[in-house]
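**Q** Handing you a structure now.
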């Protein structure tokens, strides 16, 4: 029996088997599934509202330990990636440079996770989290945005009761923002090749929070060629390992093979 939030935090692991990630916990006469790596709960014998309450309580407790909070965010991201790539087994451990190491079927996988911000997308994410934390009513959100002096940075839409926040766009900045996104990706690629420990498969997982600048898959035709040129510029020897860049853009996921520039939607 789990009796408190502190008990849940104590269940967190930084190393273990991916297939053993979910355990069953009993709390407040509810039965929940807890991912011991990401500390996210899912319902077994509980409602969606119960799950939201406990995930919010866990998030509040994690704010007391910034280092652990960051680790949990990274585990949440890497498990999203594992789910998308259908990696359901193997040993995973928290690491530095890259963030995670996975041993699977006799092969090693290094994974670096990163979130890429440009423009005011960071402000949208921050305000969205505050709205959830403070449990603001729909009719109070627009006023809260103004209170945070973000009216010139964040757009608010209430269409048929569905609330949407998005960064205000400045078309004249589109080209500059796209260059910034690419440069951040290039820097991650350089570090993966030059500075990080090397594995059989080396993955950079980049969550792009400004999809409006990279949304059309056809944009990646040109980008993949640019990446290949950049890899040649680095004079990287990729003959002995696989290198992948996985990009998340809203609900779209693209896997780019850094060895040959080919890509696919996953």
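**Q** Out of the range 155-210, which residues are part of a loop (DSSP other than H, G, I, E, B), at pLDDT 90 or above and touching a helix residue (DSSP H, G or I) at 6+ places or on another chain (Cβ under 8 Å)?
**A** Across the range 155-210, there are no qualifying residues.
**Q** While we're on this one: Would you mind finding the one in 125, 146 that is under 19 Å from the mean Cα position of the chain (by Cα) and not assigned by TED's automatic domain parsing to the domain that holds residue 78?
**A** 125
**Q** Whether any residue in the range 75-90 is within 20 Å of the chain's Cα centre (by Cα), more than 21 Å from residue 243 (Cβ to Cβ) and buried (at least 17 other Cβ atoms within 10 Å of the Cβ) is what I want to check.
**A** yes
**Q** Just one of (1) buried (at least 19 other Cβ atoms within 10 Å of the Cβ); (2) within 24 Å of residue 253 (Cβ to Cβ) trips up residue 41, so point out which.
**A** Single failed check for residue 41: (2).
**Q** Something else: Taking residue 119 as meeting all but one of (1) surrounded by fewer than 16 Cβ atoms within 10 Å (Cβ to Cβ); (2) touching a helix residue (DSSP H, G or I) at 6+ places or on another chain (Cβ under 8 Å); (3) part of a loop (DSSP other than H, G, I, E, B), write down the number of the exception.
**A** Of everything listed in (1) surrounded by fewer than 16 Cβ atoms within 10 Å (Cβ to Cβ); (2) touching a helix residue (DSSP H, G or I) at 6+ places or on another chain (Cβ under 8 Å); (3) part of a loop (DSSP other than H, G, I, E, B), residue 119 misses just condition (1).
Okay, residues lined up against (1) farther than 27 Å from residue 101 by Cβ; (2) assigned to a helix (DSSP H, G or I); (3) over 21 Å from the mean Cα position of the chain (by Cα):
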{"site": "19", "(1), (2), (3)": "no, yes, no"}
{"site": "26", "(1), (2), (3)": "yes, no, yes"}
{"site": "31", "(1), (2), (3)": "yes, no, yes"}
{"site": "34", "(1), (2), (3)": "no, no, no"}
{"site": "38", "(1), (2), (3)": "no, no, no"}
{"site": "44", "(1), (2), (3)": "yes, no, yes"}
{"site": "49", "(1), (2), (3)": "yes, yes, yes"}
{"site": "52", "(1), (2), (3)": "yes, yes, no"}
{"site": "56", "(1), (2), (3)": "yes, yes, no"}
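**Q** Answer with yes or no whether residue 30 is free of Cβ contacts under 8 Å to residues at least 40 places away in the same chain, crowded, with 17+ Cβ neighbours inside 10 Å, on the phi < 0 side of the Ramachandran plot and not assigned by TED's automatic domain parsing to the domain that holds residue 196.
**A** Against the criterion (free of Cβ contacts under 8 Å to residues at least 40 places away in the same chain, crowded, with 17+ Cβ neighbours inside 10 Å, on the phi < 0 side of the Ramachandran plot and not assigned by TED's automatic domain parsing to the domain that holds residue 196), residue 30 qualifies.
The values are calculated or read from the model by the stated rules, or taken from the named source; none is laboratory data. Just so you know, these numbers come straight off a predicted model, no measurement behind them. A quick note on method: Cβ atoms are made from the backbone with ideal geometry, for glycine too, and the neighbour counts reach across all protein chains shown.
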